[in-house]
1. Arrange M56, M154 by Cβ neighbour counts within 10 Å, fewest through most, would you?
2. Across 5 Å bins from the origin, how do the percents of Cα pairs in the chain run, short distances first?
3. I'd like the distance between the alpha-carbon centres of segment 115-176 and segment 2-61, rounded to an integer number of Å.
4. Sort V128, V140, V107 so that the residue with the fewest other Cβ atoms within 10 Å of its own Cβ comes first and the one with the most comes last.
5. Can you give the calculated 222 nm mean residue ellipticity of the chain, where each DSSP H run of n ≥ 4 adds -39,500 (n - 2.57) and the sum is split over every residue, rounded to the nearest 500 deg cm²/dmol?
6. Need one number: nm distance between label points at A104 and D167, each 7 Å from Cα along Cα→Cβ, rounded to one decimal.
7. Select from segment 1-83 those trypsin sites (Lys or Arg not before Pro) which occupy a DSSP coil region and have at most 14 other Cβ atoms within 10 Å, ordered by residue number.
8. Using label points projected 7 Å from each Cα along Cα→Cβ, tell me how many nm separate Q37 and S22, to one decimal.
Amino acid sequence: MSKLDQKIYKKIIFVRHGQYTSEPNEVLTERGRYQAQIAAKVVKELKPDKLFASTMPRAIETAAYIEKECALKTLQKDFFREGILPGLEKVTKVKKAHHVAMKANKVKADKAYEFLFKAPKKSKSTVVVVAHGNVIRYWVCKALGIDPKKWVHMDLEQCSITTIRIDNKGFTTLLGFADVGHIPLKHRTYI
């Protein structure tokens, strides 16, 4: 058995996309673009090694600001996409058709979790994932050993930053959740 090595860890920085329009293409609003610019400057200071994003337009556009600021190439992954997840039926009436979608979205979110939350074997790394509120909250619950259906009791503002560290034994620590201190009050989005 290997010892716990404080120099071997992975930090996962989750950035929720910026405020977006309700139009079918769901691109960032002017406020959302500003939020993304501010978040990108914060992320740059964290010295990320990799940048991933959901394949949805609002996440791709947010990631583009981080990509430019950090000189990283965005790797788009479909399994980081937004989705209705189990637990929602506890707080709202969910149509029967959505139950099928929930199962499919859970499989996708679990696949993304397995991809991200592997214990590092050597060295340290910082990975940024631009994704969506539902899946970020779901992954945080899983990482902390909380019933993943409890994600509905948490909330994230646009361009908030959530940080999790995984050590070489696979132990996860939540370092920060839904931080928006970098965004001036007048530019925050409250939902």
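1. M154, M56
2. Percent of pairs per bin, in order: 1, 8, 16, 20, 21, 16, 10, 5, 2, 1, 0.
3. So the separation of the two Cα centres works out to 13 Å.
4. V107, V140, V128
5. Value at 222 nm, helices only, nearest 500: -11000 deg cm²/dmol.
6. Once both label points are built, they end up 4.1 nm from each other.
7. Answer by residue number: K3, K7, K73.
8. For Q37 paired with S22, the spin-label model returns 2.7 nm.
Read the figures in this text as sums done on the coordinates, not as results from a lab. Since this is a predicted model, take the numbers as computed values, not measurements. Ideal geometry is used to build each Cβ from the backbone, glycine not excepted, and the neighbour counts take in all protein chains shown.
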